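S.K.: Handing you a structure now.
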Amino acid sequence: MINSLTGTVSRAALCLCAAGIASAAQAQSVPTASATSTTDSATPTAPDSAGEIIVTAQKRSERLRDVGMSIQAITPQILSDAGVTNPKDLVKLVPGFSASTTPFGTNTFTLRGIGFQETSLGAGPTVTVYSDEVPIPFGPEAAGVALDLERVEVLKGPQGTLYGQNSTGGLVNFIAARPTDRLSYGGQLSIDNFGGFDGEGHVSGPITDTLKTRIAFRFNEGGAWQKSYTRNARLGDNDMLNGRIILQWDPASMFHATFTLNAWRDHGETPAPQFFGAALSSPAAAPFVALSGSYQGYNFLTYPTAPHGNRYADWDSNTDFHRRNSFVNPTLRLSFDLTSDISLTSITSYQHFKRDQPVEGDGTALTDLTTIQRGDVKSWYQELRLAGTFGGKGSWLLGGNYEHDRVFDQFQIVDPIGSQGFIGAPFICNLGVGVPCSGLYHLTGNYVQTNQRIATSAVFANVEYPLTDTLTAQGAIRYTRAIRNFTGGAFDGGDGQTAALFTDIQNTLRYFYGLPPSGQVIGLTDCFSFGAAPTYTMGCRTDRLSESNVSWRAGLNYKATPNTLLYANASRGYKAGSFPTVVHSLQSEMDPVTQEKLTAYEAGIKTSLADRTLDLSIAGFYYDYRNKQTLTRFVDPLFGTLLKLANIPKSRVVGFEAAASWRPIPGLSISPSISYTDSKVLSAFSSYDYLGNPVNLKGEPFPLAPRVQGALDTQYRWQLTPSVKAFLGGNLTVQGVTYTGLMPNSVERVAPYALLDLRAGIETGGWRFSVWARNVTDKWYWNSSTRINDALVRQAGMPRTVGATLAFDY
């Protein structure tokens, strides 16, 4: 603890020392807060002179109020006030956006009901995160994206034409703050009641007449907020380092180059779920489970459930839950002005992500299920595009991109007392072939491992042309081809028990087909996944998925008044198919899902009223959803109820959103928002509930897609003295009921909740001090609830957190 405290104090001193050095340098230079932009029309820019927010959602700079689609732009101050430090926190600010944590520690995102709860490292999302227009293809890689931002843009609905597949729900583009013409610097330090310490800073300015730089960093330590309810122990410490370097070179007015290096490493602890009951995957194994292990006199079947409250949980006492994850991402952006009207942009990016992450699965001090997730991802991305205008009227864009991903994903299972660990003996005994029904096979673990190589190429075009002074037409199209090569299977955990069990099961199954023993010898490094009947040959599965699609978009924008835009559009997007990394006994359980297709129809209005003190945005939408990818359940002959990927043939989503920003008097801002999303499976679709009972999902809503969500952010700022301003604000987030699984039930119910955050502080010069409280009422809530292995578990939200922040910006 002393070493940790010393490190924290040292970093704080370093931040303040850096501020002092920058202040001395600033005495030699006139400060400025303005950011510059290159001639590349899609390079992020600051608000214009009229205070309008400029966005680059369509890969060119334009006013937010002129973009005919549902888009939300969020400034850094709003993000800071709301405590947004990673993508999942956007639920506080973005109507229709929700985030959940799976039992395997992965965050998944949903927009307007469109989400994908698959936990495999190589699974593409439906809501993709971007960093300065560069896709971050897999969810776990996005942990450090919210650093030193100019703004965040959230685009809703299919974005396949300009941004590619895997964005059927939408995308979130985190746009970094750019290097400045003159020296600027800033930072902030935060502490909270759980001992958490968060510090960040940046320095920006010119190196030469043509070269500018911006350096940003962040560190987050401490803050263990979970408390064991059976012993004196804490969990949930943060240990995150994050950094970015930007070099912007402008040697001539027609050429600009920007090199960006993003990197982070995360050694924090993975939080534990809350245990609220036992439900064995293999009920026949109950006697073995009851006798296999105990803690403080409890076995797994009698273990106490977690008390109500966000903090209470339990976890294995002999396991270190610190993650060992890291990410490096260099990017080079080149912009050429070929003529006064035509520009060429090249974006080249490489990403390398490493994961070594233990996850508590069952929420008890007994090891019914603990997983260790290891992975390695290497991605190359190249985009090349031309942009111009029709003689200064309208705009066009033509381009292509290529992405290559190599994904290694290993899912190690440690379950020495789990019912699946005893499944072999009861199974063989029940077949009636003379194998003793005893604890002959006590499996202490095994692992599933997959390797995928994914090549995605695309060409795209976008045109926007004014038909009249007030009516503009837009059209876009993209052709995409994706090829995914896959190898995967299950392996022994290291003690030989699983390999021996599967060898005997194979021979037993062959016996019923009149076949002799196979004679296969399965070693510790060999796949034992069963092939098809009647031979049940064990080995890895090798497969290939090749798909292509055409995304499109068509729309009309009508400028009714200078401050009012009416728009209507139709679009189609796709999400690529994928192979899972799941617990299985048969190779067929690794069947891929094929690509899904979403056709969206949307109409909306954006307007400013009351002398531009009230900004209002309203949109309605209908989604025709085909082959929706989902994680469903099936009954495995060996392991009981397991998860499997599947396509739902037909479903739909209908809803609306409304958001406003009202400034009724100087200093007061009121920003309410609401979304309504009604999702439904339209076709008959057979599955199983969490207990393994067959169900038909026709007419059921999507998982983790609440019908109603709302938010209200308000703040009042006033002059306290001639040199000091004070502010007082708050944020209210409301979410309706939803369910983790496709079939609504009490176990997988995610209860509705309302969370209240408050903040207050003062500002003077370039300094700002604030105190804040999040989840002020200490509301007990959770974002997912399900059965995993033998346990019923919930992923609880954060308890009441109180803290203070000191910030400076010059």
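The values are calculated or read from the model by the stated rules, or taken from the named source; none is laboratory data. Just so we're clear, the structure is a prediction, and the values are computed from it rather than from any experiment. Positions of Cβ are backbone-derived with ideal geometry, glycine not excepted, and every protein chain shown enters the neighbour counts. Calculation scope for accessible area: heavy atoms of the full protein, side chains included, ligands and nucleic acids excluded. Shrake-Rupley method; radii C 1.70, N 1.55, O 1.52, S 1.80 Å.
S.K.: If you take every residue apart from Ser673 with its C-beta less than 12 Å away from the C-beta of Ser673, what net charge results, scoring Lys and Arg +1 and Asp and Glu -1?
M.R.: Numbers: positive: Lys92; negative: Asp615, Glu657, Asp713.
It works out to a net charge of -2.
S.K.: Below 8 Å, C-alpha to C-alpha, sequence gap of six or more: please give me the relative contact order for the chain in percent.
M.R.: Averaging sequence separation for qualifying contacts and normalising by length gives 11 percent for the chain.
S.K.: Continuing with this model, one more query. Just want the answer: with Cβ charges of +1 for Lys and Arg and -1 for Asp and Glu, which residue in Gly205, Pro87, Leu384 is farthest toward the dipole's positive end in the chain?
M.R.: Leu384
S.K.: A follow-up question, please. Along the charge dipole of the chain, which of Leu712, Phe634, His352 sits closest to the positive end, that is, farthest toward it, with unit charges on the beta carbon of Lys, Arg, Asp and Glu (+1, +1, -1, -1)?
M.R.: Comparing the listed Cα positions along the dipole, Leu712 ranks first.
S.K.: Separate question: Enter the angle in degrees (range 0 to 90, nearest 10) between the Cα long axis of helix 2-26 and the first principal axis of the Cα atoms of the chain, meaning the one along which they spread out most.
M.R.: Between the helix axis and the principal axis of the chain, the angle is about 20 degrees.
S.K.: With an 8 Å Cα cut-off and a minimum separation of 6 or more residues, compute the relative contact order for the range 66-209 in percent. Intermediate results must be reported in sequence, preceding the final value.
M.R.: Working: 274 pairs, mean separation 29.1, N = 144.
Answer for the range 66-209 is 20 percent.
S.K.: Using θ = phi - 60° and the Karplus form 6.51 cos²θ - 1.76 cosθ + 1.60, what ³J(HN,Hα) does each residue of the range 701-708 get, whole Hz, x for Gly and Pro?
M.R.: Those phi angles translate into x, 6, x, 6, 10, x, 5, 10 Hz.
S.K.: If you place +1 on the Cβ of every Lys and Arg and -1 on the Cβ of every Asp and Glu, how big does the dipole about the Cα centre of the range 259-383 come out, in debye to the nearest 20?
M.R.: The dipole of the range 259-383 has a size of about 180 debye.
S.K.: Calculate the FRET efficiency for Ser548 and Asp376 from the Cβ-Cβ distance with a Förster distance of 35 Å, rounded to the nearest 0.05.
M.R.: On the way: r = 28 Å, r/R0 = 0.80.
Calculated transfer efficiency: 0.80.
S.K.: Ok, one more. Would the range 110-207 count as rounded, prolate or oblate if I go by the C-alpha gyration tensor, calling it rounded below 1.5 in a/c and otherwise prolate when a/b exceeds b/c, oblate otherwise?
M.R.: Since a/c reaches 1.5 but b/c is at least a/b, the shape of the range 110-207 is classed as oblate.
S.K.: In the chain, with Lys and Arg counted as +1 and Asp and Glu as -1 at Cβ, which of these residues, Ile522, Phe104, Ile648, has the Cα nearest the positive end of the dipole, that is, farthest along it?
M.R.: Ile648
S.K.: So what's the back-of-envelope 222 nm ellipticity for the chain, counting only DSSP H runs of four-plus at -39500 (n - 2.57) apiece and dividing by all residues, rounded to 500?
M.R.: So the calculated ellipticity at 222 nm is -2500 deg cm²/dmol.
S.K.: Continuing with this model, one more query. What is the percent carbon and sulfur in the accessible area of the chain, measuring with a 1.4 Å probe over the protein chains and ignoring ligands?
M.R.: Looking at the chain in its full context, I get 61 percent from C and S.
S.K.: Taking Cα atoms, how many degrees apart are the long axis of helix 497-512 and the longest axis of the chain, rounded to 10 and kept between 0 and 90?
M.R.: 60 degrees
S.K.: Classify the range 143-274: rounded, prolate or oblate, from the alpha-carbon gyration tensor (a ≥ b ≥ c, eigenvalue square roots; a/c under 1.5 rounded; otherwise prolate if a/b is larger than b/c)?
M.R.: Cα axes put the range 143-274 in the oblate bin.
S.K.: Quick one: 3J(HN,Hα) in Hz for the range 467-477, Karplus 6.51/-1.76/1.60 with θ = phi - 60°, rounded, Gly and Pro as x.
M.R.: With coefficients 6.51, -1.76 and 1.60, one gets 7, 9, 5, 10, 10, 10, 9, 9, x, 8, 8 Hz.
S.K.: Turning to a different aspect of this structure: What whole-number value in Å² describes the accessible area per residue of the chain for a 1.4 Å probe?
M.R.: Accessible area per residue, the chain: 38 Å².
S.K.: Could I ask something else about it? Taking the mean number of other Cβ atoms within 10 Å as a proxy for protection, how do you rank 103-114, 319-330 from highest to lowest? Please report the intermediate quantities before stating the final value.
M.R.: Numbers: 103-114: 25.1, 319-330: 17.6.
In decreasing order of mean packing, 103-114, 319-330 become 103-114, 319-330.
S.K.: Arranged from highest to lowest average of other beta-carbon atoms within 10 Å per residue, in what order do the peptides 579-589, 381-391 appear?
M.R.: 579-589, 381-391
S.K.: Given H placed on each backbone N at 1.01 Å, which residues far from Leu149 in sequence or on other chains put an amide H within less than 5 Å of it?
M.R.: Here Ala177 satisfy the definition.
S.K.: Distance cut-off 20 Å, Cα to Cα: go down the list Lys88/Lys597; Lys92/Lys779; Lys92/Lys597; Lys88/Lys698; Lys88/Lys628 and report the pairs above it.
M.R.: Lys88/Lys597; Lys92/Lys597; Lys88/Lys698; Lys88/Lys628
S.K.: Right, next: In debye, nearest 20: dipole of the chain around its Cα centre with unit charges on the Cβ of K, R (+) and D, E (-)?
M.R.: Dipole of the chain, to the nearest 20 debye: 1100 debye.
S.K.: While we're here: Relative contact order of the range 301-395: what whole-number percent is it, with Cα pairs under 8 angstrom and at least 6 residues apart?
M.R.: 28 percent
S.K.: Follow-up question, since we're still on this one. For a Förster distance of 56 Å, can you work out the FRET efficiency between the beta-carbons of Ala263 and Thr594, rounded to the nearest 0.05?
M.R.: Once the sixth-power term is evaluated, E becomes 0.95.
S.K.: Hey, another quick one. Computed FRET efficiency, Cβ-Cβ of Ser61 and Leu691, R0 41 Å: what is it to the nearest 0.05?
M.R.: Efficiency for this residue pair is about 0.15.
S.K.: Does the range 117-173 come out rounded, prolate or oblate, given a ≥ b ≥ c as the square roots of the eigenvalues of its C-alpha gyration tensor, rounded meaning a/c under 1.5 and, failing that, prolate meaning a/b above b/c?
M.R.: Oblate is the answer for the range 117-173, as a/c is 1.5 or above yet b/c matches or exceeds a/b.
S.K.: In addition: With only Lys, Arg, Asp and Glu charged, each at its Cβ (+1 for the first two, -1 for the last two), find how big the charge dipole of the range 177-325 is about the Cα centre; round to the nearest 20 debye.
M.R.: 100 debye
S.K.: Would you mind putting 723-730, 757-764, 176-183 in packing order, based on average other-beta-carbon counts within 10 Å, highest first?
M.R.: Most protected by this proxy first, the peptides run 176-183, 757-764, 723-730.
S.K.: What does the charge add up to near Lys597, with Lys and Arg as +1, Asp and Glu as -1, over the other residues with Cβ less than 10 Å from its Cβ? Kindly include the intermediate steps, with their values, before the conclusion.
M.R.: On the way: positive: Arg572, Lys575, Arg626, Lys628; negative: Glu596, Asp624.
Once all neighbours under 10 Å are counted, the net charge is +2.
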